Amino acid sequence: MLKKIIFLDRDGVINRDSPNYIKHRSEFEFLPGSLDALKLLKENGFSVIVITNQSAINRKMMPLSELEAIHTLMKDTVKNAGGEITDIFFCPHTPEQACDCRKPEPGLIYQARDRYSIDLSQTCMIGDSAKDVECARNAGCGCAVLVRTGNGSAAEKLLAEKKIAPDYIAENLYEAVLRMLCHIEKQ
């Protein structure tokens with residue numbers, strides 16, 4: 001059973017996003033500060049679970065083996081930098097497939113909850129899109145944070161239109177983690 005859980009979106013939060021999808025290891029590039037943020041989370045006893053939509057699989061833009069290679073590269077690099085990713089849950093479906101695991105649906109977070117006996121009310125989801133914040137709310141996460149890297153600026157407008165508010169907005173993952181840790185210390 002994991003205690004202190006942080007759910008992270010991948011593209012636009014940990015690594016640079018692309019409108020053409022991240023389809024190969026050569027396209028995967030960590031965002032500035034994300035490795036330091038992941039190290040900080042580990043040093044403070046948090047388990048990191050990545051929750052990510054990866055429709056490039058079902059769009060036939062990359063094979064599952066390449067996604068697995070990207071995730072191995074990401075996990076190994078994070079570990080070498082002093083952090084750790086406990087697990088990765090991904091949705092391979094396109095929006096048209098209307099599954100229950102594609103964010104903003106909470107299916108991936110529910111899979112993590114069931115695997116690790118997680119109390120979702122004690123978790124935080126950090127993402128760069130409206131879908132991430134909506135997913136956190138739909139799953140019952142205790143906290144939803146929006147970062148402005150990736151799609152964050154457009155997400156702010158969309159969330160305002162939908163009248164859905166994140167708990168706070170940060171410039172990037174590192175700032176989000178610092179703010180979260182400061183808030184915990186004050187409690």
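Out of residues 5 or more away from residue 31 or on other chains, whose amide H comes under 5 Å of its own, with H placed 1.01 Å from N in the peptide plane?
Those qualifying (amide H under 5 Å, at least 5 residues apart or on another chain) are 15, 16.
Tell me, which cysteines of the chain are without a disulfide-compatible partner by the Cβ under 4.7 Å rule?
99, 135, 141, 182
Based on other C-beta atoms within 10 Å, arrange 180, 125, 61 from fewest to most.
Working: 180 23, 125 30, 61 14.
Final ranking by Cβ density, sparse to dense: 61, 180, 125.
Counting helices only, and only those DSSP H runs with n ≥ 4, report the 222 nm mean residue ellipticity of the chain as the sum of -39,500 (n - 2.57) divided by its residues, in deg cm²/dmol to the nearest 500.
When only DSSP H runs of four or more count, the value is -12000 deg cm²/dmol.
Beyond 24 Å, what share of the Cα-Cα pairs of the chain is found? Please give it as a whole percent.
Distances greater than 24 Å cover 32 percent of the Cα pairs.
Rank the residues 30, 7, 90, 46 as a footprinting-exposure proxy: fewest other Cβ atoms within 10 Å of their Cβ go first.
30, 90, 46, 7
Would you mind checking 79/103; 3/23; 42/75; 4/39; 23/60; 103/163 for any pair whose Cα atoms are more than 21 angstrom apart?
79/103; 3/23
Of 112, 160, 170, which is the most mobile in a GNM of the chain whose springs link Cα atoms less than 10 angstrom apart?
Residue with maximal mean-square fluctuation among 112, 160, 170: 160.
Sort 10, 102, 59 by Cβ crowding within 10 Å, fewest neighbours at the top.
Fewest-to-most ranking of 10, 102, 59: 59, 102, 10.
No lab work stands behind these numbers, since they all come straight from the coordinates. As the structure is a prediction and not an experimental result, all values here were calculated from the model. Glycine gets a Cβ as well: all are built from the backbone with ideal geometry, and neighbour counts include every protein chain shown.
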